[in-house]
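Everything on this sheet refers to the single structure shown next.
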Amino acid sequence: MTEGRFISLEGGEGTGKSTQARALAAAIESRGHVVTLTREPGGTPGAETIRELLLSGGEDKWHMRTEALLFAAARAEHCAKLIRPRLARGEWVVCDRFIDSSRAYQSVSGVLSDSEIMDLHRVGSKGLMPDRTFVLDLPEAVASKRAAARDRGNSDRIGSRNSDYHRSVLANFRKLAADEPDRIRLVDASQNAESITEILLQNLDDLLS
């Protein structure tokens, strides 16, 4: 059986993750692979229920530790019921956000460390990591403008946090990419969508061959 592969797309608000996840899944499928496109938090009925709890309501709805536990719970459900079964069948999974979003977002407050977030991941999702992760990178001002145009005042409780928070998130993503270059690739997301998709595919040559 052909080995299944797990690809995640990461980045701050407005960097084009969802667009590129769809384009990448279609491109991999066109090369003869069975591909599932999914997202986090979400991807299964139970995880989508947790997504609604996480993203709706006011800024102070959850303590940061509670928020991290809810993300870990949604991911555990997602891994157990969707991601791992498809990988076991030799399929590809392309996911719009995964563990690195928790690492970038939930550590900003200083309440949780990266190691604590990874501990939750080891317990909930048995430490599953993507084969390749792409961080779509944009200057904070450009990303904010794109996110505002996309959401038109309907941003969720995490997306609506202040610019200092999102600037710290972007810095965290860049640090993760610098620290783990074999798995995580930083991609300039200021280019046109087709060029970005081509760069992603070039960075999957070793897995697609």
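None of the figures in this text is laboratory data; all of them are computed from the coordinates on show. Here the structure is a predicted model, which is why all the values come from computation and not from measurement. All Cβ positions, glycine included, derive from the backbone under ideal geometry; neighbour counts span all protein chains shown.
How many nm is it between the label spots at HIS63 and ARG122, if each spot is 7 Å from the Cα in line with the beta carbon?
Computed distance between label sites HIS63 and ARG122 equals 2.3 nm.
What nm distance separates the two modelled labels at ASP156 and GLN202, each placed 7 Å from Cα along Cα→Cβ?
Modelled inter-label distance: 3.2 nm.
Once the cut-off is 24 Å, how many percent of the Cα-Cα pairs in the chain end up in the long-distance tail?
Result: 38 percent of Cα pairs exceed 24 Å.
Which whole-number percent gives the relative contact order of the range 1-91, counting Cα pairs below 8 Å spaced six or more residues apart?
43 percent.
Shape of the range 65-106 from its Cα gyration tensor (a ≥ b ≥ c, root eigenvalues): rounded if a/c is under 1.5, otherwise prolate when a/b > b/c, or oblate? Kindly include the intermediate steps, with their values, before the conclusion.
Values: a/c = 4.28, a/b = 1.91, b/c = 2.24.
Oblate is the answer for the range 65-106, as a/c is 1.5 or above yet b/c matches or exceeds a/b.
Near LYS81, which lysines are there with a Cα under 29 Å away, not counting those fewer than 8 places off in the same chain?
LYS17, LYS61, LYS126
Do you know the relative contact order of the chain, to the nearest whole percent, from alpha carbon pairs under 8 angstrom that are 6+ apart?
Reported as a whole number, the value is 32 percent.
Provide LEU176, LEU9 in ascending order of the number of other Cβ atoms located within 10 Å of each residue's Cβ, fewest first.
LEU176, LEU9
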